[in-house]
Amino acid sequence: MKKILSIRMLLLLSFFAGGLAGPFPAVASAGAALDYLPLVPMEKTFDGLGGKIHVQETLRPLPGVGTAKVLEVTRKIAYLNFPTRTIVSVYRFEPATGTFTKNSSTSAFSHAVFAYHPPLVRVRLPFRKGESWDGEDGENRIHDRVWGKVRITLPAGSFVCWVVRRRLSYNLISRRSTQILYEYYAKGVGFVGEGGWSATGKWHWSRRLLSFKMGTEGSPPPAPRTSP
């Protein structure tokens, strides 16, 4: 049992080192590119997997390169009774292409730092229904497609979100599997949740936003935005 949990923990940490979903109606344009992915100082708290996982996330802008914007994301991940792990990742947004990529990440189990060549595409902005992109994370293959918009209610508030359908094809220890997840991006807040259906057909949240705080320490959080 401990071995199974350890493999599951490894999968979760590798994955993080990144209402009901369903068919969504066509909606208007997302507007300005960074409306749904603000690259600003922010603190977020998530839980997921029925309370088995807890994530404390800190976003910190770094000096950009030319017109590009750079963001450092630190995640402290607690899973069941395992020791808390910290993963620090660096992302980059290129205004010319609207591409937001993951460029590097630390290891949850050592002092190693992994660089992505080429950078791993996380999203393309602004969101447009039907747009898709592909990526590779080691032996894992990723295909993302913008599904549409939906309103969801989380502990952190009610949000109208762009939804990205993510297909992950894992190749781990001679075992291949595919997982479908839905990522939610809210205006003015960015990523707020991720979920999918289990093999039994039951919906579960892999991550859902519990609370968030913008800007410097001690500043009050803004009211959740609930309109496109």
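The values are calculated or read from the model by the stated rules, or taken from the named source; none is laboratory data. A quick note: this is a predicted structure, and the numbers were derived from the prediction, not measured. Every residue, glycine as well, gets a Cβ built from its backbone with ideal geometry; the counts of neighbours run over all protein chains shown.
Give me the strands (runs of 3 or more DSSP E) completely within region 105-207, filtered to those with at least 2 residues that are surrounded by 20 or more Cβ atoms within 10 Å (Cβ to Cβ) and in contact with a Phe, Trp or Tyr (Cβ under 6 Å, 6 or more places away or on another chain), ordered by residue number.
Correct list: 113-124, 140-154, 157-172, 175-186, 190-197.
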Open item on the list: Of everything in region 124-155, what is of a type in the set (A, V, I, L, M, F, W, C) and under 15 Å from ARG167 (Cβ atoms)? Give them in sequence order.
Closed with: TRP133, ILE142, VAL146, TRP147
Task: Residue tally, condition at pLDDT 95 or above and either on the phi > 0 side of the Ramachandran plot or over 14 Å from the mean Cα position of the chain (by Cα) (or both), over region 147-169 - done: 14
- [ ] Report yes if some residue within region 26-38 is closer than 25 Å to CYS161 by Cα, in contact with a strand residue (DSSP E or B) (Cβ under 7 Å, 6 or more places away or on another chain), modelled with pLDDT under 95 and not in a loop (DSSP other than H, G, I, E, B); otherwise report no.
- [x] no
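One line per residue, one yes/no per condition, for (1) farther than 21 Å from LEU154 by Cα; (2) surrounded by 15 or more Cβ atoms within 10 Å (Cβ to Cβ); (3) in contact with a helix residue (DSSP H, G or I) (Cβ under 8 Å, 6 or more places away or on another chain):
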position: VAL55; (1), (2), (3): no, yes, yes
position: LEU59; (1), (2), (3): no, yes, no
position: VAL65; (1), (2), (3): yes, no, no
position: LYS69; (1), (2), (3): yes, yes, no
position: ARG75; (1), (2), (3): no, yes, yes
position: ASN81; (1), (2), (3): yes, no, no
Open item on the list: Suppose we keep only residues that are surrounded by 16 or more Cβ atoms within 10 Å (Cβ to Cβ) and among the hydroxyl-bearing types (Ser, Thr, Tyr) within region 95-104. Which one would you say is nearest to SER132 (Cα to Cα)?
Closed with: THR99
Open item on the list: Here is a check on your reading of the model: is LEU210 at pLDDT 95 or above and more than 13 Å from the chain's Cα centre (by Cα)?
Closed with: yes
